[in-house]
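The values are calculated or read from the model by the stated rules, or taken from the named source; none is laboratory data. Note that the structure is predicted; figures quoted are calculated from it, not measured. Here the Cβ is made from the backbone with ideal geometry for all residues, glycine too, and neighbour counts use every protein chain on show. Just the protein is used for accessible areas: all its heavy atoms, side chains included, with ligands, DNA and RNA removed. Shrake-Rupley method; radii C 1.70, N 1.55, O 1.52, S 1.80 Å.
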Amino acid sequence: MKLKGFAAALLAAIFYGTNPLGTLQLYADGMNPSSVLVYRYAFATLMFLIWMAAKRESLAISWGTAIRLAILGTLMSMSSATLYLSFRYMDAGVASTILFSYPIMVAVLMVVFYHEHMTWSTTLCILMAVCGIALLYHGKGGVTLSTVGVTLVILSSLLYAFYIIGVNQTHTKLSPVKFTFWIVFFGLIALLVYTFFTGEPLEPLRTPLEWASALQLALLPTVLSLYFINIAIEHIGSTPTAIMGAVEPVTAVCIGVCIFGESFTLRLAIGIVLILSAVILLVLSREKKTAK
């Protein structure tokens, strides 16, 4: 059964790492970030709805649960929004790697809000991640990355860290599919409000390739990724699943370099390795602490 869990974790990470695939294609066709996000969440909501209908599962939830899930959905969707905006200012592979520093931010937030003890290992991991981000900050030929882009992806990582903590603090009796459906649905509502205030028009999908790209974003990095994460956590636990998540930015980097011609240098490679190593070491050290 552990093999099934590791396979599910690997698939979840690969599927989530395909975010740049559909996003950059739609950007290349001139579509704005708000439209890309709305289509992703709308199609994902529809897919989850069909899934639940096939299982004959009720949509009913209490008002208290709805409020908690609305907050979680908003955090998740705004994390997606800031990440997709960062793709406009920097390579998607680099952005996805910086995003993967969210376990570091979770550790810091747990110290700040829940008064967890800051260990030397946690401090070392934070320093490694900061050094990795600093290396990524200088792109090809020593050109500095966009400060706006880096700020957006760090904000995305921070929002996702709050989302992770919120999920851990939310205890419901909902099935994983139902739980995720409502988060994605409320995320869609938040994105529609976001689109209204930004004033960006909702652009139509015009070509078969655009439809395929939007459906890919809904299916792979949303529905299937979340589904396989649930299977992985059930069979191997959250720690190995988090470690396998290191494949996410690697997948995004490969897509960016091989398909969209993004640059890849030794400096970037070292920065990526530092960030991934910091996250893996942090997760392992926290697991060891929990086991004592």
For region 39-101, how big is Rg over Rh, using alpha carbon atoms and the Kirkwood form of Rh? 1.11
Using mean Cβ contacts within 10 Å as the protection proxy, how do 91-104, 12-25, 164-177, 63-76 order, highest first? 91-104, 12-25, 63-76, 164-177
With +1 on each Lys and Arg Cβ and -1 on each Asp and Glu Cβ, and nothing else charged, work out how big the dipole of the chain is about its Cα centre, in Debye to the nearest 20. 720
So for R0 = 45 Å, FRET eff. of ILE50-ASN168 from the Cβ-Cβ r, to 0.05, ends up at 0.95
Report the semi-axes of the equivalent ellipsoid for region 162-278 in whole Å, largest first, where each axis is √(5λ) for an eigenvalue λ of the Cα gyration tensor. 26, 26, 15
So, for the chain, what is the accessible surface per residue at a probe of 1.4 Å, expressed in square angstrom? 47
Kirkwood Rh for region 54-137 from C-alpha pairs, in Å, is 15.8
Express the relative contact order of region 50-184 as a whole percentage, based on alpha carbon pairs under 8 Å and six or more residues apart in sequence. 47
Apply the Kirkwood formula to the chain: the hydrodynamic radius equals the inverse of the mean of 1/r over all pairs of different alpha-carbon atoms; give it in Å with one decimal. 19.5
Local electrostatic count, PRO221, Cβ distance below 11 Å [Lys/Arg +1, Asp/Glu -1]: 0
Virtual spin-label span in nm between THR147 and ARG88, 7 Å along Cα→Cβ: 1.9
To the nearest whole percent, what portion of all C-alpha pairs in region 87-219 is separated by more than 27 angstrom? 39
Accessible-area composition of the chain, carbon plus sulfur, in percent [1.4 Å probe]: 72
Compute the length gained on full extension between GLU116 and SER62: take 0.36 nm times their separation in residues and subtract their Cα-Cα distance, giving the result in nm to one decimal. 16.2 nm
Find the relative contact order for the chain and round it to a whole percent, using C-alpha pairs within less than 8 Å whose residues are 6+ positions apart. 45
